[in-house]
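Every number here is computed from the coordinates shown, using simple stated rules; none is lab data. Just so you know, these numbers come straight off a predicted model, no measurement behind them. Virtual Cβ from ideal backbone geometry, glycine too; neighbours counted across all protein chains shown.
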Amino acid sequence: MKIDIITSLPDFYKSFDLSLIGKARKRSLVDINIVNIYDFGVGVHKSIDDSPYGGGSGMVLMPEVAKNAIDNVLSESSILIIPTARGYVYNQTEAKKIALAKHLVFLNSRFEGYDERIVEHYINKGVEVLQYSIGDYILFGSDVATQVILETSIRLLPGVLGNSDSLTIESFCDGLLEHNSYTRPKVWKNLKVPGVLLDGNHKKIDDFRLIDSQNRTKKYRPDLLR
């Protein structure tokens, strides 16, 4: 998978040199390119945003700046992703969808966001544009959301995780939250590991974990059961 990230904060993505994403990049499982949107700014000061029409606080990413940055990396196979609190809620189903893509282009903005005509322009050109929200809250900008979206999708790529079974036994894979987990010691602070996990009966363990998963989902995310 090829990924181009358009951002005003290139250093924000140094974390992608670390951990499993860093290893995936070294093994060429994913190609991540960071594009500094200031390279496409206008005027002496390389401005990328301006005041909103109609008044109001904050600054809005200018459409021509965004277009020039996007067109610099866009290809026929590209999906344009724009993280925004005004978009569809991003979830594991969407992560699986974009993990199948050949090329992702992320457009990041800050403050009051981006000119909506950017979206309209690329939809009119036949580009698939996905506007995602990662939750019902507001961030300083969308770069954190981009990192979340990328981590959730990159981990689904073949070869990224050492144990692919991890992808089939986790929250949301079957519409439920994952069951509780335990490790050594068997007793900690007078709290014991459930005995069924210690007796080696895999049928009983599977049944216990399913019930545990259902109970946890009912308690924390009953909306998933509707």
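Annotations for the structure displayed:
- Scoring 73-85, 185-197, 91-103 by mean Cβ neighbours within 10 Å over their residues and listing the highest first yields 73-85, 91-103, 185-197.
- When shorter helices are ignored and each DSSP H run of at least 4 residues is given -39500 (n - 2.57), the per-residue value for the chain at 222 nm works out to -8500 deg cm²/dmol.
- Here the contact order of the chain, divided by its residue count and restricted to Cα pairs under 8 Å and six or more residues apart, works out to 19 percent.
- Average Cα contact separation per residue, segment 169-225, under 8 Å, 6 or more apart, as relative contact order %: 43 percent
- Listing 137, 88 from fewest to most neighbouring C-beta atoms within 10 Å gives 137, 88.
- Checking the Cα-Cα distances for 186/219; 14/96; 2/125; 102/218; 14/102; 67/97 against a 27 Å cut-off, the pairs over it are 102/218.
- Cross-link reach is defined here as a Cα-Cα straight distance under 18 Å, omitting same-chain residues fewer than 8 places apart; for residue 204 the aspartates and glutamates meeting it are 178, 212.
- Looking at the chain alone, DSSP beta bridges between its own residues are antiparallel in about 20 percent of cases.
- Three-way shape call for segment 2-162 based on the alpha-carbon gyration tensor, with the a/c threshold at 1.5: prolate
- Counted by neighbouring Cβ atoms within 10 Å, the residues 86, 221 run from fewest to most as 86, 221.
- Each Lys and Arg Cβ is given +1 and each Asp and Glu Cβ -1; about its Cα centre, the chain then shows a dipole of about 1220 debye.
- Residue order, fewest to most beta carbons within 10 Å, for 5, 21: 21, 5
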